[in-house]
Structure formats: C-alpha cells, structure tokens
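Colleague: First the structure, which I've put down as structure tokens, then a few questions once you've had a look.
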Amino acid sequence: MQATLVIGTGNKKKGRELAELVAPLGLAVKTLADFPPLPPVEETGRTFAANAELKAVGYAKLLNHWVLADDSGLCVDALGGEPGVDSALYAG
C-alpha cells in the first residue's frame, strides 16, 4: 500500500510545487483541497517554523495522515523584521 502525504495547503499552485519536490519519494500526495472543509488550525506560534509545526500536527490529527505544512510572511528590514508571523494581520 502506498503511503500518502498531505500537503497542508488548499492553494493548488503551492500544492503542485511541493508535490513535485517530494515526488522522488514515491508517495501519494494530496492537499487539503482533496478533503472536506476542515477547521483552520490556530497559528499561535511566534516563528514561521512553530506555525508550520502547529499546522502539520493539527491537520495530521484531523486527517489521520502525515502532513507537510509551511508558514510564510514578510520580514521587512526597514520595519525591524515586521510583520513576520503577523503578516496576514498586518494589512487589516
């Protein structure tokens, strides 16, 4: 039986890009878009890595599959590295 890895995003383009990166592993790859709507995982981490871990673990528990997740945002030097993990909130 082929193992399944879920890419922790509903973004089709990001899902395709990450699926291409893990293709050599021979895994079946799905994204969150392949499942019924899920509640969002609360991103309470203070780093991108912490938020990625929260998403991966949270969705893995909901789906009972291995999940690979990421987190990103803008870190602007002129703003002292802000908004960082708060990028989504920064624009209002």
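Colleague: Once the Cα atoms of helix 48-63 and of the chain are each reduced to a long axis, what angle between those two axes, in degrees from 0 to 90 to the nearest 10, is obtained?
Modeller: Helix 48-63 sits at roughly 30 degrees to that axis.
Colleague: Here is a further query. Once every Cα of the chain carries one equal point scatterer and solvent is ignored, give the base-10 log of I(q)/I(0) from the Debye formula at q = 0.13, 0.20 Å⁻¹, two decimals.
Modeller: These q points yield log10 I(q)/I(0) values of -0.49, -0.98.
Colleague: Here's a follow-up. With every protein chain kept in place and ligands, DNA and RNA left out, what is the accessible area per residue of the chain? Probe 1.4 Å, answer in Å².
Modeller: Details: 6400 Å² over 92 residues.
Roughly 70 Å² per residue, with all protein chains present.
Colleague: Tell me the mean residue ellipticity at 222 nm calculated for the chain from its helices only (DSSP H runs of n ≥ 4, each -39500 (n - 2.57), averaged over every residue, nearest 500).
Modeller: Estimated from H runs of four or more residues: -10000 deg cm²/dmol.
Colleague: Give me the distance in nm between label points sitting 7 Å out from Cα along the Cα-to-Cβ direction at ASP77 and LEU89, one decimal.
Modeller: 2.7
Colleague: Right, another one. Pick from VAL57, VAL29, VAL76 the residue whose mean-square fluctuation is largest in a GNM of the chain, springs joining Cα atoms under 10 Å.
Modeller: For the chain, modelled as a Gaussian network with Cα springs under 10 Å, the answer is VAL76.
Colleague: Let me ask something else about it. Ignoring ligands, DNA and RNA, what percent of the accessible area of the chain is carbon or sulfur (1.4 Å)?
Modeller: Roughly 59 percent of what the probe reaches on the chain is carbon or sulfur.
The values are calculated or read from the model by the stated rules, or taken from the named source; none is laboratory data. Just so it is clear, the structure is predicted and the values come from calculations on it, not from any experiment. In this analysis, Cβ positions are derived from the backbone assuming ideal geometry, glycine residues included, and neighbour counts consider all displayed protein chains. Please note that ligands, DNA and RNA were not included when accessible areas were found on the heavy atoms of the full protein model with its side chains. Shrake-Rupley method; radii C 1.70, N 1.55, O 1.52, S 1.80 Å.
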